[in-house]
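The block underneath contains the structure these notes are about, expressed in structure tokens.
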Amino acid sequence: MQRHLLEVDEVAALIRGGETLLLAGDEGRLSLLPRGKWIAGTIPYFMSEEGGVVDRRRVFVDRIPARSEYAGIRRYDETGIARVYSELPPSAMGVVIAPYASRVHLAFAMNAPRYEKFATAPLFGWISGVDLSELGKTRPKVFDGTTAEALEDQAVVMHVAFPPGVRAEVAILNIFEKGTGPAITFPATGFSASTAEIDGRERNFAEYVEEAGLDARLPLVADYFGAAINVSFQAVDRARGEVRFYAPVFAGVRYHHARPVEDYVDAFVSALPTGIAERVALSCNCVVNFVNSSLEGRTTGDIVGPATFGEIAYQLLNQTMVYLTVSDRG
């Protein structure tokens, strides 16, 4: 079985050997790597062959999918990210990493579905983060391997091209479903909310969360064009009368609090399509799942990847697993 968590000198040797890599790890370790064909984001949480681990020494390594070719790296700021789809080469996909709470992260989260050529080609990726104990104290970073620079306010996107007859597909695995509670709508789009309409009645949302006893470990769930999309709670601040989220809520969309899940791993493994593991080339999970579902030391089948501050399958997601499969066109 291929190892994904490697020592820095092992990763450096792969880079010097000309391999094209997608990396995740501690900023201090990533900053030791030489220039080459790689991108990276900071995160210490991983689902690995060893199970869920917190590791600030080793670097998580993914190679680009078999039969694909490196087609370059782009950087985007908060305005440039709108070109992320339109600048993808023909027969190519993008792998994107953006720093948590940066302007480019916020811009992508709130506007991606309106970008030119949205979802016309696969876009897979994740939001870099930090150890949760350092949230608000340390800035998450991404790295452009062509210069080995750490970036705080830009996203990096690797273009990966596929030959004719090969298909790359991005999929979402979401084990959360709408609960039976009232519909919740918000007056404005954003990463925080003070007020909400609860079955049509305006309330302070922080007060409502506490009074209703909502479990903030469970997300809000909405139907976005037939797909169940989650929004995770970051904090409920009763003193400020505000609730903060890891992804934006959208004005006018009907959300419901998710129904409880007894065992994340059991639900996850049973929801995976049969035989899918052997076709999964890239994957990431959510740090909220990692923490709330106590995934440290537990495995999620044969699917490995970083546990991040947000997952990207065409647009920003929360509390899901996102994966990329590669197969021959039927």
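The values are calculated or read from the model by the stated rules, or taken from the named source; none is laboratory data. Here the structure is a predicted model, which is why all the values come from computation and not from measurement. Heads up, the Cβs are rebuilt from the backbone with ideal geometry, glycines too, and the neighbour counts pull from every protein chain shown. Surface accessibility is based on the protein's heavy atoms, side chains included, excluding ligands, DNA and RNA. Shrake-Rupley method; radii C 1.70, N 1.55, O 1.52, S 1.80 Å.
Listing for the model above:
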item	result
Pairs with Cβ under 7 Å, 6+ apart, first in the stretch 57-78 and farther than 30 Å from ASP131 by Cα, second assigned to a loop (DSSP other than H, G, I, E, B)	ARG67/PHE162; ARG67/PRO163; SER68/PHE162; TYR70/THR20; TYR70/LYS37; TYR70/ILE64; ALA71/PRO89
Filtered residues of the stretch 45-77 (kept if among the charged types (D, E, K, R), surrounded by 18 or more Cβ atoms within 10 Å (Cβ to Cβ) and in contact with a Lys or Arg (Cβ under 9 Å, 6 or more places away or on another chain))	ARG58, ARG74
Number of positions in the stretch 261-282 that are free of Cβ contacts under 8 Å to residues at least 60 places away in the same chain and out of contact with any strand residue (DSSP E or B) (no Cβ under 6 Å at 6 or more places or on another chain)	12
Flag if TYR70 is closer than 24 Å to TYR224 by Cβ and among the hydroxyl-bearing types (Ser, Thr, Tyr)	no
Extreme residue, most open to solvent (accessible area, probe 1.4 Å), among residues of the stretch 109-145 that are under 18 Å from ILE73 (Cα atoms) and touching a helix residue (DSSP H, G or I) at 6+ places or on another chain (Cβ under 8 Å)	LYS141
Subset tally (residues that are assigned to a loop (DSSP other than H, G, I, E, B) and open to solvent by less than 30 Å² (accessible area, probe 1.4 Å)) for the stretch 232-255	2
Residue match in the stretch 111-129 (condition: under 16 Å from the mean Cα position of the chain (by Cα), within 20 Å of PRO306 (Cβ to Cβ) and in a loop (DSSP other than H, G, I, E, B))	yes
Every pair of residues 6+ apart whose Cβ atoms lie under 9 Å, when the first sits in the stretch 308-319 and is at positive phi and open to solvent by less than 10 Å² (accessible area, probe 1.4 Å) while the second is in a loop (DSSP other than H, G, I, E, B) and of a type outside the set (Ser, Thr, Tyr)	GLY310/GLY129; GLY310/ASN318; GLN319/ASN174; GLN319/ILE175; GLN319/PHE176; GLN319/LEU218; GLN319/PRO219
Residue that is most open to solvent (accessible area, probe 1.4 Å), among those in the stretch 187-231 that are part of a loop (DSSP other than H, G, I, E, B) and of a type in the set (Asp, Glu)	ASP199
Of all residues making up the stretch 140-151, the number that are over 17 Å from the mean Cα position of the chain (by Cα) and assigned to a loop (DSSP other than H, G, I, E, B)	4
Those strands (runs of 3 or more DSSP E) lying entirely in the stretch 256-330 with at least 2 residues charged (D, E, K, R) and over 18 Å from the mean Cα position of the chain (by Cα)	none
Residue match in the stretch 85-100 (condition: open to solvent by 40 Å² or more (accessible area, probe 1.4 Å) and outside any loop (DSSP other than H, G, I, E, B))	no
The one condition in (1) assigned to a loop (DSSP other than H, G, I, E, B); (2) hydrophobic (A, V, I, L, M, F, W, C); (3) open to solvent by less than 10 Å² (accessible area, probe 1.4 Å) that VAL11 fails to fulfil	(1)
Filtered residue count, the stretch 154-170, keeping only those that are surrounded by 17 or more Cβ atoms within 10 Å (Cβ to Cβ), in contact with a Pro (Cβ under 9 Å, 6 or more places away or on another chain) and not β-branched (Val, Ile, Thr)	6
